[in-house]
Amino acid sequence: MSLVVYNTLTREYEPFVTVEPGKVRMYVCGPTVYDEAHVGHAMSSIVFDFIRRYLEYKGYEVRHVMNFTDVDDKIIQRARRTGEDPAAIAARYAEKYQKQMEQLNVLRPTVLPRVSQTIPEIIQMVADLIEKGHAYVTPAGDVYFRVRTDPDYGKLSRRRLEAAVSGTRVATSEEKEDEGDFALWKAAKPGEPSWDSPWGKGRPGWHIECSAMSLHHLGDQIDIHGGGNDLIFPHHENEIAQTECYTGKPFARYWLHNGMLQLKGEKMSKSLGNLVTIDEFLSRHSADVLRVVIAGSGYRKPLAFNDDVVADGERAVERLRGALRPPTGNLVSGPAVDALASQTAKARADFEAAMDNDFNTAGALAALFELVRAINSARDAGVGGQPFAEAQATFRQLSSVLGLQLTAPRGEGQSIAPFVDLLLAVRQDLRKAKQWALADKIRDELKALGVIVEDTPQGSTWRLQ
Ligand SMILES: [Zn+2]
């Protein structure tokens, strides 16, 4: 089976063929660091972590670049409110985001560039675009990209040039030649961070930074450019325009966009004030729960995020953990062993088929649950030794492609395993003492709680309903 991905640029499913065989160059737009990151930010990082992990599972060497936007209006506004230095605010939240990504088991990108460290490359690119006639300097010292010089403009978002102005972040300016033109460089205003340039002191516009960082760290042509689908226009459209006008080559082969996380039906954003921060989430749930919730929804769809969905995620993680419980028997041959081997092979094939189909993580998760059921039945049938260990190893490998750690979490109300084990040990003593009624009461009460107890010649086992 070979990988097929949905390309926003063509609106088609396409076979995945990289510029350089065996290697993937992937750029993902990162956060603007000015405040606490919320689970919506985490969603994009986790989605592209699924993608990267699966590409690595398939044997690709992935060079993954994610930027931090550390020069931006929002950072400057916050600095004005708090009286802090904008650079200090950005540095603090960038560090924090990296720590949170580690807690969420997101693989660290190969390079994590910041705008403030990419200024020379940005200036060089802007200068070249001016020289080629694709950009112009206004009397105020701003530089704008001349959208009408790019005949392909609008190809990603499928917007006609006439419509290009609606939805842009660019403020209306009398100095622009055309409403659709966007800022590459903004002249310094008093009290704002600024750098020297051929056009006077100023700072880069939002879009140019990603183009410059991608070019600098990944070269002229890359395989995957990713981000949230709210970035398609204007950000990614403008990135394509300025990069392709600069290099004269196609920029990214595949444009991959994740859906937005929606809280109570509304897009999660800071303006709504109803966000859940990553810290808040992780104080109550494990990273696995967030990963299972996101995987279960599929990366391109909007993710409905609410308490019920998170509670389902908790139960799903608990069920997945059940597959890692040790065997109770030691059968190494016979029909139950053969069944486990063939079910394990099928689960792997189903997992790969799902992921090869545009990273269908919901299908991959379903394949993992197939394997959980196979392992639990094999345990009940007394399978142990090498055959059981091999099935568990496959389960561990596949769950790690989704970045799941499935370790028993510390803290309250999380893993029920030690408590059920304790109850079963007590029940075993009651049975030895022929206290059948009490032993049955424990079994029935556990069943009412969704824990199925099964008595086998090797002892009692349990699993979640
Ligand atoms: Zn970007």
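Since every read-out is calculated from the coordinates, none of them should be taken as a lab result. None of the values given here were measured: they were computed from a predicted structure. Note: ideal-geometry Cβ built from the backbone for every residue, glycine included; neighbour counts use all protein chains shown.
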Checklist line | Magnitude of the charge dipole, the range 416-465, Cβ model with Lys/Arg +1 and Asp/Glu -1, debye to 20 | finding: 100 debye
Checklist line | Likely footprinting exposure, MET26, MET101, fewest C-beta neighbours within 10 Å first | finding: MET101, MET26
Check: Among the aspartates and glutamates, which fall within straight-line cross-link reach of LYS58, defined as a Cα-Cα distance under 19 Å, with same-chain neighbours fewer than 8 residues apart omitted?
Finding: GLU14, GLU20, ASP49, ASP223, ASP350, GLU352, ASP356, ASP358
Notebook entry, point to check: Between the range 110-156 and the range 197-253, how many Å separate their Cα centres?
Noted result: 8 Å
Margin query: Cα atoms only: what Rg and Dmax, in Å, come out for the chain?
Written below: 26.6, 95
Notebook entry, point to check: Taking amide hydrogens as modeled 1.01 Å from N in the peptide plane, which residues meet the under 5 Å criterion relative to THR32, leaving out close sequence neighbours?
Noted result: THR69
Check: Where does each of ARG25, ARG63, ARG373 land when they are ranked from fewest to most other beta-carbon atoms within 10 angstrom?
Finding: ARG373, ARG63, ARG25
Note to self: Given the options TRP255, GLN221, PHE305, identify the residue whose Cα lies farthest towards the positive end of the charge dipole of the chain (+1 on Cβ of Lys, Arg; -1 on Cβ of Asp, Glu).
What the structure shows: PHE305
Next item on the list: Run through every distinct alpha carbon pair of the range 416-465 and return the Kirkwood hydrodynamic radius in angstroms, one decimal place.
Entry: 10.8 Å
Notebook entry, point to check: Between the range 36-98 and the range 307-358, how many Å separate their Cα centres?
Noted result: 33 Å
Notebook entry, point to check: Stretch ASP421-ALA349 to full length: gain in nm at 0.36 nm per residue minus the Cα-Cα span?
Noted result: 22.6 nm
Check: Given N residues in the range 97-155, what is Rg(Cα) / (2.2 N^0.38 Å)?
Finding: 1.69
Notebook entry, point to check: Does the range 287-415 come out rounded, prolate or oblate, given a ≥ b ≥ c as the square roots of the eigenvalues of its C-alpha gyration tensor, rounded meaning a/c under 1.5 and, failing that, prolate meaning a/b above b/c?
Noted result: oblate
Check: How far apart, in nm, are the 7 Å Cα→Cβ label points at GLN117 and ARG81?
Finding: 2.8 nm
Note to self: Show me, for the range 67-84, the HN-Hα J-couplings you get by feeding each phi into the Karplus relation (A = 6.51, B = -1.76, C = 1.60, θ = phi - 60°), rounded to Hz, glycine and proline as x.
What the structure shows: 8, 10, 7, 10, 10, 6, 3, 5, 5, 5, 4, 5, 4, 5, 5, 9, x, 8
Next item on the list: Let me know the charge dipole size of the chain about its Cα centre in debye, to the nearest 20, where only the beta-carbon of Lys, Arg (+1) and Asp, Glu (-1) is charged.
Entry: 1180 debye
Next item on the list: May I ask you to sort GLU14, GLU102, GLU352 by Cβ crowding, counting other Cβ atoms within 10 Å and putting the fewest first?
Entry: GLU102, GLU14, GLU352
Notebook entry, point to check: What number, rounded to the nearest 500 deg cm²/dmol, is the helix-based mean residue ellipticity at 222 nm of the chain, given -39500 (n - 2.57) per DSSP H run of at least four residues and division by all its residues?
Noted result: -14500 deg cm²/dmol
Checklist line | Eligible aspartates and glutamates near LYS432 by straight Cα distance, threshold 16 Å, same-chain separation 8 or greater | finding: ASP440, ASP455
